[in-house]
Amino acid sequence: MDWEQHYLEEHTPWDKGAAAPPLLEWIEANPDALAGRVLVPGCGLGHDCRALASLTGAEEIVGIDISPEAVKRAGQEEQAGAERYELADLFQLEPEHRQTNDWIWEHTCFCAIEPDMRNAYVEAVYGALKPGGNLLAVFYLDPYDNEHPRGGGPPHGCTLEELEERFVKSGRFEELESYVPKKSYEGREGLERVIRFRRVG
Ligand SMILES: C[S@@+](CC[C@H](N)C(=O)[O-])C[C@H]1O[C@@H](n2cnc3c(N)ncnc32)[C@H](O)[C@@H]1O
């Protein structure tokens, strides 16, 4: 998948022009929880980073993306608070991103990577968090429709069993909460799952 080309051509159907509703719902229910440094992998144009910056007490929000165009455009948006953007590959993080994050916010990065990279994803987010750090995620369990058939390109769906296997049974994370969000982008209602994992050790 050539993400850069999609951003250059402004063909980004995943971008809804606003922060993920399940993130806003979670922040509303947990107004004081998010603090410290937050990493947002696959941040795209930064809508979630700006919501995190304006609505939480996080001291630093770092959105990373492999698309230079996405990072450039995210940085051109009006600053909402302590957010910034970096061109970086989640699978090749620099030392400054290793074990330095209190939280990670995951939204449509896990479903965007190739499924055979999912164990590497678990290792990458585990390694990016401080011991005891939180991975807060909205997983797009079932993105399939006529336009996105199963077995095609991203988004790639997943099951709760797979998530349990990869994150929890691997010994990397424990699960703190898991629910179907009440608020979703139009068309994703009932197809997503919010899960908060905590890094074990
Ligand atoms: C489906 S888009 C979602 C973007 C954003 N989260 C949103 O919802 O608008 C997936 C994003 O992940 C980025 N991405 C893909 N692989 C990545 C990697 N290995 N490291 C960092 N970002 C990556 C892409 O460039 C793209 O911006």
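The values are calculated or read from the model by the stated rules, or taken from the named source; none is laboratory data. Please read all numbers here as calculations on a predicted model, not as lab measurements. Reconstructed Cβ throughout: ideal geometry from the backbone, glycine too, with neighbour counts over all protein chains shown. Note: accessible area is taken over every heavy atom of the protein model, side chains too, but ligands, DNA and RNA are not part of it. Shrake-Rupley method; radii C 1.70, N 1.55, O 1.52, S 1.80 Å.
The set of residues from segment 79-89 being open to solvent by 50 Å² or more (accessible area, probe 1.4 Å) and under 18 Å from L52 (Cβ atoms) comprises Q79, R84.
Could you tell me which residue of segment 121-140 is farthest from the ligand (Cβ to nearest atom), considering only residues that are open to solvent by 40 Å² or more (accessible area, probe 1.4 Å) and not acidic (D, E)? Write out each step before concluding.
Narrowing segment 121-140 to residues open to solvent by 40 Å² or more (accessible area, probe 1.4 Å): 123, 130-131.
Add one more test, that the residue is not acidic (D, E), and what stays is 130-131.
On the way: K130: 20, P131: 23 Å.
Step by step, filter segment 121-140, then rank; the result is P131.
Got a sec? Which of E147, E106 is closer than 26 Å to A70 by Cα and part of a loop (DSSP other than H, G, I, E, B)?
On the way: E106 fails: part of a loop (DSSP other than H, G, I, E, B).
Within the list E147, E106, the selection yields E147.
Set side by side, the residues Q76, Q92 differ, and just one is modelled with pLDDT of 95 or more, over 23 Å from L8 (Cα atoms) and open to solvent by 20 Å² or more (accessible area, probe 1.4 Å), which is Q92.
Of all residues in segment 151-161, exactly one satisfies the criterion of being closer than 15 Å to I113 by Cα and exposed (fewer than 10 other Cβ atoms within 10 Å of the Cβ), namely G151. Pairs are defined by a Cβ separation below 8 Å, a sequence spacing of at least 6 or placement on different chains, a first member in segment 98-114 that is modelled with pLDDT under 95, and a second member that is open to solvent by 10 Å² or more (accessible area, probe 1.4 Å) and within 14 Å of the ligand (Cβ to nearest atom); no pair meets this definition.
Close contacts from segment 1-27, counting a first residue that is within 21 Å of R188 (Cα to Cα) and a second that is more than 10 Å from the ligand (Cβ to nearest atom) and open to solvent by 90 Å² or more (accessible area, probe 1.4 Å), with Cβ to Cβ under 6 Å and a gap of 6+ residues or different chains, come to P21/K183; E25/K183; I27/L55. For segment 1-42, residues that are within 13 Å of the ligand (Cβ to nearest atom) and open to solvent by less than 20 Å² (accessible area, probe 1.4 Å) total 8.
Which of the residues belonging to segment 43-74 are within 16 Å of the ligand (Cβ to nearest atom) and in a strand (DSSP E or B)? Within segment 43-74, I61, V62, G63, I64, D65 meet the criteria. Can you find a residue in segment 153-161 that is over 27 Å from A51 (Cβ atoms) and within 14 Å of the ligand (Cβ to nearest atom)? Yes, that holds for at least one residue.
The condition of being in a helix (DSSP H, G or I), within 22 Å of A128 (Cα to Cα) and open to solvent by 60 Å² or more (accessible area, probe 1.4 Å) holds for only one of E175, E164, that being E164.
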